[in-house]
Structures are given as C-alpha cells and as structure tokens.
1. Determine whether LEU22 is among the hydrophobic types (A, V, I, L, M, F, W, C) and closer than 13 Å to TYR67 by Cα.
2. Just name the residue that is surrounded by the most Cβ atoms within 10 Å (Cβ to Cβ) out of those in the stretch 130-141 that are under 13 Å from ARG151 (Cβ atoms) and among the hydrophobic types (A, V, I, L, M, F, W, C).
3. I'm trying to understand the selection: among the residues of the stretch 15-32, which are in a helix (DSSP H, G or I) and acidic (Asp, Glu)?
4. Name, by its number, the condition in (1) closer than 24 Å to LYS133 by Cα; (2) outside any helix (DSSP H, G or I) that does not hold for HIS51.
5. Return the pairs, sorted by first residue and then second, in which the second residue is of a type in the set (S, T, N, Q), the first residue lies in the stretch 52-75 and is modelled with pLDDT under 85, the beta carbons are less than 8 Å apart, and the residues are 6+ apart or on different chains.
6. Return the residues of the stretch 55-69 that are buried (at least 17 other Cβ atoms within 10 Å of the Cβ) and closer than 12 Å to GLU37 by Cβ; say none if nothing qualifies.
7. Residues PHE125, PHE121, PHE105: which one is buried (at least 19 other Cβ atoms within 10 Å of the Cβ), modelled with pLDDT under 90, assigned by TED's automatic domain parsing to the domain that holds SER158 and among the hydrophobic types (A, V, I, L, M, F, W, C)?
8. Is there a residue being at pLDDT below 80 and either in the same structural domain as LEU22 (by TED's automatic domain parsing) or not in a helix (DSSP H, G or I) (or both) anywhere in the stretch 145-163?
Amino acid sequence: MKPVSFGELVCNEYRELSSSALKFTRDSDAAKDLLQETMLRALSHADKYIHGGNLKGWLYSIMKNAYINDYKKSMKIPVVSDCPEIGHPSAMLNCAARNLSERGFLNEDIQKALQRLPNIFSHPFIAHFQGYKYEEIAISLSVPVGTVKRRIHCARKSLKTMLSEHR
C-alpha cells in the first residue's frame with residue numbers, strides 16, 4: 001500500500017467541507033469559492049498542520065477564518081447590487097425588486113442603526129450574525145451564555161424599533 005499524500009488527505013474531506021461551506025454562505029456559487037479558498041490555503045500551509053491531528057477540524061478552522069475575512073472585507077465595500085450578498089447586514093433585506101436608490105438609503109440606515117447600538121449589544125449581535133455560536137461569543141466576552149442571548153435579543157429589538165419606519 002502506497003503512502004497517502006497530504007493533498008489526497010485534504011481532498012478526502014472535500015464532500016464534508018462542501019456542506020459546511022454551503023451552511024456558511026447559503027449560496028452554492030459562494031460555497032464553491034469558499035471551498036476553493038479553503039483548499040488553497042490548506043495546501044499552501046500544509047507545513048503548519050500537525051500530522052496525526054484533527055485534519056477535519058483544522059480545515060474547518062481555515063474555512064471559518066476565510067469566511068470571516070471575506071465578510072469583513074464586504075463590510076468595507078458598499079453594496080450596490082440588486083441582491084445583497086449573504087453575510088452583509090443588508091442581507092436582512094429581501095431580494096424583491098426595489099428602486100436602487102431606496103435600497104441604498106435603507107442599507108445606509110441599517111449601518112447607522114448598527115453603529116447607534118451600544119457596543120455591549122452590537123458586538124454579540126454582529127458576532128452571532130457572522131455565524132459564531134452563543135458559547136463562542138460568551139467565552140470571547142467572558143460572560144455567561146444567557147447574557148449573550150439577552151444582549152442579542154435586545155439588539156434585535158432595538159434594531160427593529162430603529163428600522164420600523166422602513167416597513
């Protein structure tokens with residue numbers, strides 16, 4: 001039996017990673033891009049993998065970090081397309097046909113509403129929106145999980161009130 005190369009081990013995880021990528025992006029094309037980026041990063045940083053370790057977990061971490069980095073980049077670029085990209089706060093909008101100038105104003109209002117939230121509420125809300133679990137957020141903020149849930153709930157409630165004029 002010939003030894004299996006690192007590239008083959010990574011490729012063996014392709015199917016499971018593709019389902020995770022689809023869960024992150026909720027779009028098949030974006031999931032393919034994320035998966036490709038994950039594979040490229042894994043192969044280019046193969047020297048950082050500890051052989052015999054949890055390969056699936058290592059690849060998932062790479063994927064999650066790639067997704068978060070892409071999300072952060074998308075926050076800096078104003079969205080002007082007909083359908084907002086998943087992962088951007090404007091994804092709260094539905095993709096119904098609307099006047100582009102109206103969408104621009106609404107997108108601006110969402111950003112302003114997020115900025116008006118106190119950090120104690122906005123940080124857990126944005127982290128949850130990015131896909132972090134309650135437990136992960138609680139650990140990063142050094143607060144109980146229940147506190148994180150309450151803060152996210154309060155953030156949603158405040159955003160709903162601030163944006164109610166757009167209904």
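The values are calculated or read from the model by the stated rules, or taken from the named source; none is laboratory data. Just so it is clear, the structure is predicted and the values come from calculations on it, not from any experiment. Counting neighbours? That spans all protein chains shown, and the Cβs are built from the backbone with ideal geometry, glycine included.
1. Against the criterion (among the hydrophobic types (A, V, I, L, M, F, W, C) and closer than 13 Å to TYR67 by Cα), LEU22 qualifies.
2. Going through the qualifying residues, I end up with ILE137.
3. Step one: of the stretch 15-32, the residues in a helix (DSSP H, G or I) are 15-25, 28-32.
Listed by number, the residues that qualify are GLU16, ASP29.
4. Only one criterion in (1) closer than 24 Å to LYS133 by Cα; (2) outside any helix (DSSP H, G or I) is unmet by HIS51, namely (1).
5. TYR71/GLN130
6. Across the stretch 55-69, the qualifying residues are LEU59, ILE62, MET63, LYS64, ALA66, TYR67.
7. Details: PHE121 fails: modelled with pLDDT under 90; PHE105 fails: buried (at least 19 other Cβ atoms within 10 Å of the Cβ).
Only one candidate passes the filter, namely PHE125.
8. First pass over the stretch 145-163, keeping only residues at pLDDT below 80: 163.
Adding the requirement that they be either in the same structural domain as LEU22 (by TED's automatic domain parsing) or not in a helix (DSSP H, G or I) (or both) leaves 163.
The answer is yes, given that some residue of the stretch 145-163 is at pLDDT below 80 and either in the same structural domain as LEU22 (by TED's automatic domain parsing) or not in a helix (DSSP H, G or I) (or both).
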